[in-house]
1. What are the distances, in nm and sorted shortest first, from the label point of B:ILE169 to the label points of the same position in each other copy, with each label point placed 7 Å from Cα along the Cα-to-Cβ direction?
2. By a straight-distance test (C-alpha under 21 Å), which lysines pair with B:LYS23 as possible cross-link partners, with residues fewer than eight away in the same chain excluded?
3. How far, in whole Å, is the closest Cβ of chain B from the axis that maps B onto A, and which residue does it belong to?
4. Just to confirm my numbers, what's the Cα centroid distance between region A:1-62 and region A:72-127 in Å?
5. Per-residue mean of other chain beta-carbon atoms within 10 angstrom of the beta-carbon, peptide B:54-62?
6. Before rounding to the nearest 500, sum -39500 (n - 2.57) across all DSSP H runs of length at least 4 in the protein assembly as shown and divide by the residue total; then give [θ] at 222 nm in deg cm²/dmol.
7. Take peptides B:37-44, A:146-153 and line them up by average Cβ neighbours within 10 Å, highest first, as a rough protection proxy.
8. What ranking do A:60-72, B:98-110 get when scored by the average of other Cβ atoms within 10 Å per residue, highest first?
Protein chains: 2
Amino acid sequence: MSLRHAVLGLLADCPASGYDLLKTFAISLGNVWSATQSQVYAELARLADSGQVTVTAEGARGRKEYAITESGRAELHRWLTEVEPNRTPRNDTLLRVFFLGLLEPDEAQAFMRREAETAAAHHEELSALTAVASGPDSFSVHGRLALEWGLRVTAAQREWALWAQKQIIDRAASGVGDPDTPVPAPG
Amino acid sequence: MSLRHAVLGLLADCPASGYDLLKTFAISLGNVWSATQSQVYAELARLADSGQVTVTAEGARGRKEYAITESGRAELHRWLTEVEPNRTPRNDTLLRVFFLGLLEPDEAQAFMRREAETAAAHHEELSALTAVASGPDSFSVHGRLALEWGLRVTAAQREWALWAQKQIIDRAASGVGDPDTPVPAPG
DNA sequence: CGTCGACATGTCGAAGTTGGAATATCGCTG
DNA sequence: CAGCGATATTCCAACTTCGACATGTCGACG
């Protein structure tokens with residue numbers, strides 16, 4: 001649903017071809033919203049149909065350069081200010097966490113360790129982007145806000161995974177895994 | 001794709017009907033992976049077809065109770081230990097952040113303020129769940145791990161939104177918004 | 001006995017997503 | 001000029017997702 005607006009947003013910055021947009025998705029926007037070739041080209045065609053973008057130039061190899069129209073800009077503004085962001089939860093990792101009780105403690109622990117490592121790696125990747133994504137233009141400025149989000153959340157995620165791993169170890173140590181066994185009262 | 005495994009995971013805990021599962025999605029699992037009626041019933045039918053669940057009882061009003069089979073358990077285990085979680089980034093809020101430069105500073109700021117409020121509200125909601133989701137069974141234990149993730153991430157998100165709001169105010173104050181205007185050298 | 005609300009499942013179409021294949025041009029290099 | 005790699009677009013089949021609608025049962029209440 002939002003792909004339409006991602007494309008509009010990129011074209012609001014400057015005219016581009018489908019191929020150009022795909023490159024932008026690959027290096028920056030894709031960290032936030034990924035898109036495939038077929039999606040981008042199809043969306044450009046739809047947007048052109050509905051008059052929110054127009055072809056401003058045709059180049060070599062059938063290249064078509066698209067620019068946003070006033071109508072497109074209006075739609076983009078409406079989307080930014082009036083449409084509530086979609087917050088449908090869909091987290092593949094957390095879904096697995098819910099079912100970690102089905103695994104042996106050491107398997108569950110390995111899962112959390114891998115998650116901690118993944119989060120750390122992702123954090124490093126984003127750190128490396130910080131240098132690249134510097135620039136005074138509006139796009140870089142706001143891209144950096146998104147980047148900061150990534151840095152903070154990946155850090156939190158790593159801490160959480162380490163904490164969760166410890167929880168699992170502790171439970172395993174105290175002889176749980178057999179829910180029917182009453183926990184001996186402390187003291 | 002993961003809906004299949006969400007259903008299998010719930011049935012691994014205990015047999016249930018589609019209607020039962022829907023209720024579980026509504027109160028707990030849905031915070032992590034949401035599903036609609038049509039999806040759940042269709043998935044149960046598919047799983048029954050492929051022999052990963054079976055109908056163990058038929059009750060009033062056409063109620064069918066499903067239980068997981070050995071084959072289903074094996075698939076669930078494989079998914080938990082061997083399948084890399086899907087991490088396709090798709091964040092509607094961050095996508096908008098990328099394009100915040102197209103708004104007036106006060107509009108952009110209002111956007112971030114709303115985000116901070118939403119994150120805080122969501123955090124409170126999860127806090128309230130903490131009391132409800134207490135229990136010694138494996139499901140509650142691991143549900144709490146997921147809950148803790150939510151608490152940490154919503155907290156980080158709120159902090160980030162407040163920080164970002166300040167960034168935008170600062171930029172607006174220093175006369176940016178017209179990228180062609182050279183910034184006056186300090187001193 | 002009627003009917004209302006909760007229970008319970010199922011079908012449908014529109015829209016969105018994915019990955020892959022097909023097609024073709026341009027510019028460089030040997 | 002033949003061949004290659006980067007550029008560039010288009011089409012397609014399969015699948016998922018969503019919301020709406022259709023269908024029907026059961027128990028309780030008056």
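No value in this document is a laboratory result; all are computed from the given coordinates. Just so you know, these numbers come straight off a predicted model, no measurement behind them. Cβ placement follows ideal geometry from the backbone for every residue including glycine, while neighbour counts extend to all protein chains displayed.
1. For B:ILE169, the inter-copy label distances come out at 4.3 nm.
2. B:LYS64
3. Residue of B nearest the axis onto A, distance in Å: B:ALA156, 2.
4. Here the two parts' Cα centres lie 25 Å apart.
5. For peptide B:54-62, the averaged partner shielding equals 0.
6. It lands at -21000 deg cm²/dmol.
7. Taking the mean over residues of other Cβ atoms within 10 Å, the ranking is A:146-153, B:37-44.
8. In descending order of packing, they fall as B:98-110, A:60-72.
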